Amino acid sequence: MTYVPEELLPATRRALLHRLAVAQSEGRAPSVVAAVVRGGRTVWEGSRTSVEGHGPDGGVQYRVGSITKTFTAVLVLRLRDEGLLSLSDPLEKHLPGTTAGEVTIAQLLCHSAGLAAETPGEWWERSSSALRPGLAEVLGEEPFRHEPGRRHHYSNPGYTLLGSLVEAVRGRPWEEVLRTEVLEPLGLDRTSAHPQAPHAGGWAVHPWADVLMPEPLEDLGLMAPAGQLWSTTADLARFAVFLARGDDRVLSARSVREMRTPAVPAEAGSPQAGYGLGLQVLDEGGRVMFGHSGSLPGFVAGLWVSEADDLAAVVLANCTSGLPASGVAVDLVRIVAEAEPRIPEPWRPLPVAEADPAVVAITGIWYWGTSPNVLRLLPGGELSLGPVGPVGRGARFRSGPDGTWIGLTGYHAGECLRVVRRADGSVEHLDLGSFVFTREPYDPEAGVPGGVDPQGWRGLDQ
């Protein structure tokens, strides 16, 4: 039977509360609220506040800033999955008339379009959206800082373009599309474009004195798809489960896996391992995590998921700076993962439908030249090919047309793996993008490019 995670141990719960309390105290945040998800459900919630007896809970809204971008990316991937656009399409094809029409939708999603990080003019997060009534004001006269496709450069205007793209294709406002296509199906009824009581107020805390002042609350207008949303830890916990598992009512597991696959490397010196399609990817000491950080004047936020540990954490605080919400969320995942490691599912034989004898027959050791590799049949019907030792290229494959297999990861992503058979139907070798894999090193009976020396393997005369 499937292992259902029990409640966290008291020592783990105390360690989580201690980390949150230290963050609130040292970060001097008016309030902070957090949640940890394990096995698809919330197993811990905590909060700290500067006001006696008024601690927030999982139903109090905070502004989540750039976590909004992940929601916008989900909407774009839905359009792709419906066949209404391709990620390789230039923006101009679906949103004509901008000064950035040459960039592709994929480049906008992964911040490699070369666009400026911010809008021209006043700081958009703290000024009226009336200053940016159209995309011309969002982009300015010189929208590019780099050649499209050459490097990762985080761009808030890029996600404004994606929100306008959604509106152009759907023919409805971004906020309405988000509500009907994502928020309502996932049951995120406390996530909204504008604050709904109960919600936290945003504060700026003086850097050198324990005093504070309220931050202005601006409607971001066209910039909303880059950072407008308000949400709660309870809603974001459910959203984290969706990002880990998918939900066919919104986006398939395959598409959310694509979102969290790095599409571009991070900037040099960045702690990120890369950026996917609307999701940041971190490598924290060998623990790969995906999610997003967020900040707007008065608020900081972090949502991070470790698929391998089946854990996620959400942290929200109402201060402009001081409390590293993303770092705290990562720490909460680490605390649980180290204190209570995930118990693996029991091994089970494959179901009959996935145990194709012809596929089972090609598993085992295959040699690329002299390098041994293992081909394995995985649950779900995928194949994995990887080196026997620590050096070599690994990849997963899904079945394709005509008995071929299509690479999903690594160097061989998108490449075709073919089983080459002799006239009698027996397997001669595997062909992977012109690489020949044989059952023996340089098998003379297989079609090894360049042929095999007829004298075969031999020692060296002394």
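Going through the range 164-208 one residue at a time, which ones are in a loop (DSSP other than H, G, I, E, B), under 21 Å from residue 248 (Cα atoms) and not polar (S, T, N, Q)?
Of everything in the range 164-208, those that are in a loop (DSSP other than H, G, I, E, B), under 21 Å from residue 248 (Cα atoms) and not polar (S, T, N, Q) turn out to be 187, 188, 189.
Could you please find all residues in the range 394-414 being under 23 Å from the mean Cα position of the chain (by Cα) and not small (Gly, Ala, Ser)? Once the filter is applied, which keeps residues that are under 23 Å from the mean Cα position of the chain (by Cα) and not small (Gly, Ala, Ser), the range 394-414 yields 396, 397, 398, 406, 408, 409, 411, 412. Exactly one residue out of 100, 106, 73, 113 is surrounded by 14 or more Cβ atoms within 10 Å (Cβ to Cβ), touching a Leu at 6+ places or on another chain (Cβ under 7 Å), in the same structural domain as residue 299 (by TED's automatic domain parsing) and part of a loop (DSSP other than H, G, I, E, B), and it is 100. Against the list (1) touching a strand residue (DSSP E or B) at 6+ places or on another chain (Cβ under 8 Å); (2) of a type in the set (Asp, Glu); (3) assigned by TED's automatic domain parsing to the domain that holds residue 155, the condition residue 7 fails is (3). Taking (1) touching a residue at least 60 places away in the same chain (Cβ under 8 Å); (2) buried (at least 16 other Cβ atoms within 10 Å of the Cβ); (3) over 30 Å from residue 209 (Cα atoms) in turn, residue 13 satisfies each apart from (1). Any residue at all in the range 280-294 that is at pLDDT 95 or above and over 24 Å from residue 74 (Cβ atoms)? No, that holds for no residue. Residue count for the range 206-227 satisfying the condition of being in contact with a strand residue (DSSP E or B) (Cβ under 8 Å, 6 or more places away or on another chain) and buried (at least 21 other Cβ atoms within 10 Å of the Cβ): 1. The residues in the range 261-297 that are out of contact with any Cys (no Cβ under 6 Å at 6 or more places or on another chain) and over 30 Å from residue 200 (Cα atoms) can be counted, and the count is 17.
The set of residues in the range 54-70 being touching a Leu at 6+ places or on another chain (Cβ under 7 Å), in a loop (DSSP other than H, G, I, E, B) and of a type outside the set (Gly, Ala, Ser) consists of 64 alone.
Does the range 259-279 contain at least one residue that is of a type in the set (Asp, Glu) and without any contact (Cβ under 8 Å) to a residue 60 or more places away in the chain? No, because not a single residue in the range 259-279 is of a type in the set (Asp, Glu) and without any contact (Cβ under 8 Å) to a residue 60 or more places away in the chain.
May I ask you to list the residues in the range 277-292 that are within 22 Å of residue 106 (Cβ to Cβ), buried (at least 23 other Cβ atoms within 10 Å of the Cβ) and in contact with a strand residue (DSSP E or B) (Cβ under 7 Å, 6 or more places away or on another chain)? Result: 279, 280, 290, 291, 292.
Here is a yes/no grid of residues against (1) farther than 30 Å from residue 132 by Cα; (2) among the small types (Gly, Ala, Ser):
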{"position": "209", "(1), (2)": "yes, yes"}
{"position": "217", "(1), (2)": "no, no"}
{"position": "221", "(1), (2)": "no, yes"}
{"position": "239", "(1), (2)": "yes, no"}
{"position": "242", "(1), (2)": "yes, no"}
{"position": "260", "(1), (2)": "yes, no"}
{"position": "273", "(1), (2)": "yes, yes"}
{"position": "283", "(1), (2)": "yes, no"}
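Pairs meeting the criteria (first residue in the range 52-73 and of a type in the set (Gly, Ala, Ser), second residue buried (at least 23 other Cβ atoms within 10 Å of the Cβ) and in a helix (DSSP H, G or I), beta carbons under 6 Å, at least 6 apart or on different chains) are 58/233; 65/227; 66/227; 73/109.
Which ones in the range 1-53 are under 30 Å from residue 246 (Cα atoms), in a loop (DSSP other than H, G, I, E, B) and hydroxyl-bearing (Ser, Thr, Tyr)? Matches in the range 1-53: 2, 3.
For residue 151, are the conditions met, namely being out of contact with any Lys or Arg (no Cβ under 7 Å at 6 or more places or on another chain), touching a residue at least 12 places away in the same chain (Cβ under 8 Å) and either at positive phi or part of a loop (DSSP other than H, G, I, E, B) (or both)? Can you show your working first?
Values: out of contact with any Lys or Arg (no Cβ under 7 Å at 6 or more places or on another chain): yes; touching a residue at least 12 places away in the same chain (Cβ under 8 Å): yes; either at positive phi or part of a loop (DSSP other than H, G, I, E, B) (or both): yes.
Criteria met by residue 151.
Annotation note: Cβ proximity below 8 Å between a residue of the range 81-101 that is without any contact (Cβ under 8 Å) to a residue 12 or more places away in the chain and a residue that is among the polar types (S, T, N, Q) (sequence gap 6+ or interchain) occurs for 92/98.
Put simply, of 83, 58 the only residue that is assigned by TED's automatic domain parsing to the domain that holds residue 168 and under 20 Å from residue 236 (Cα atoms) is 58.
Residues 98, 70: which one is modelled with pLDDT of 95 or more, over 21 Å from the mean Cα position of the chain (by Cα), under 22 Å from residue 175 (Cα atoms) and β-branched (Val, Ile, Thr)?
On the way: 70 fails: over 21 Å from the mean Cα position of the chain (by Cα).
Result of the check over 98, 70: 98.
Is the range 176-187 home to any residue that is closer than 19 Å to residue 296 by Cα and not β-branched (Val, Ile, Thr)? Checked the range 176-187: no residue is closer than 19 Å to residue 296 by Cα and not β-branched (Val, Ile, Thr).
Scanning the range 165-209 for residues that are in contact with a helix residue (DSSP H, G or I) (Cβ under 7 Å, 6 or more places away or on another chain) and β-branched (Val, Ile, Thr) gives 166, 169, 177, 182, 191. Taking the range 223-272 as the region of interest, none of the helices (runs of 4 or more DSSP H) fully inside it holds 1 or more residues being within 12 Å of the chain's Cα centre (by Cα), on the phi > 0 side of the Ramachandran plot and among the aliphatic types (A, V, I, L, M).
In the condition set (1) assigned by TED's automatic domain parsing to the domain that holds residue 203; (2) more than 23 Å from the chain's Cα centre (by Cα); (3) modelled with pLDDT of 95 or more; (4) surrounded by 16 or more Cβ atoms within 10 Å (Cβ to Cβ), residue 19 is compliant with all but (1).
The values are calculated or read from the model by the stated rules, or taken from the named source; none is laboratory data. Worth saying up front: this structure is predicted, and the values here are computed from it rather than measured. Note that each Cβ is placed from the backbone with ideal geometry, even for glycine, and that neighbours are counted across all protein chains shown.
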